[in-house]
Amino acid sequence: MASTTLIISPLQIHLRPHDCKKHNNELSQELENIPLRQFYLDTDNLYRTTEEDLDEMLQSFWRRVIRSDHIVAALETLGLNPKDIQYNEKGYKVIKRTYKQMAMEHHPDRGGSLKQSQKLNEAMQVLRVHFKSLNSNSP
């Protein structure tokens, strides 16, 4: 039986023959571009990599994942698009300026919401820590 692919679009649903060779070529090209692939293909890494190295790799991965999710959420809380922010001193100035404007607007003493004010403060704290770590890692 020939392999087929289900195509679903707003105008039609149909089956089409699956081009396995094309799919396999695309997949192999994607796999070639994975940096960690080289690490796994180098058999010397089986002997050189310690348990501590592996633990650090895993910890580093999860720190980046968690940090990036928190940073994106914090920027969105401030109404900023993460794609538009420069991750340097100039970008941090934009963030601080936006935070100050929103903090004044949402401050409870000015008729704003305490809950929103707290969210803004938490978002700014996440961003402050992130940008501080960027500055400490720069040469």
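Here are the numbers for this structure:
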| quantity | calculated |
| --- | --- |
| Checking Lys100 against (1) at pLDDT 95 or above; (2) more than 28 Å from Val129 (Cα to Cα), the condition it does not meet | (2) |
| Verdict on Lys93 being charged (D, E, K, R), outside any loop (DSSP other than H, G, I, E, B) and at pLDDT 90 or above | yes |
| Top-ranked residue of the stretch 103-139 - restricted to ones that are over 13 Å from Thr77 (Cα atoms) and polar (S, T, N, Q), ranked as modelled with the lowest pLDDT | Ser138 |
| Inter-residue pairs, beta-carbon under 8 Å, first surrounded by 10 or more Cβ atoms within 10 Å (Cβ to Cβ) and in the stretch 34-61, second modelled with pLDDT under 75, 6+ apart | Arg37/Leu31 |
| Qualifying position, being surrounded by 17 or more Cβ atoms within 10 Å (Cβ to Cβ), modelled with pLDDT under 95 and in a helix (DSSP H, G or I), among Ile66, Ile71 | Ile71 |
| Residue list for the stretch 81-125, restricted to those being touching a Leu at 6+ places or on another chain (Cβ under 6 Å), under 20 Å from Asp69 (Cα atoms) and of a type in the set (Gly, Ala, Ser) | Ala123 |
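Every residue, every condition in (1) at pLDDT 80 or above; (2) among the aromatic types (Phe, Trp, Tyr); (3) over 29 Å from the mean Cα position of the chain (by Cα), yes or no:
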site	(1), (2), (3)
Met1	no, no, yes
Thr4	no, no, yes
Ile7	no, no, yes
Cys20	no, no, yes
Glu26	no, no, no
Asn45	yes, no, no
Leu54	yes, no, no
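The values are calculated or read from the model by the stated rules, or taken from the named source; none is laboratory data. Worth saying up front: this structure is predicted, and the values here are computed from it rather than measured. All Cβ positions, even for glycine, are placed from backbone atoms using ideal geometry, and neighbour counts span all protein chains on display.
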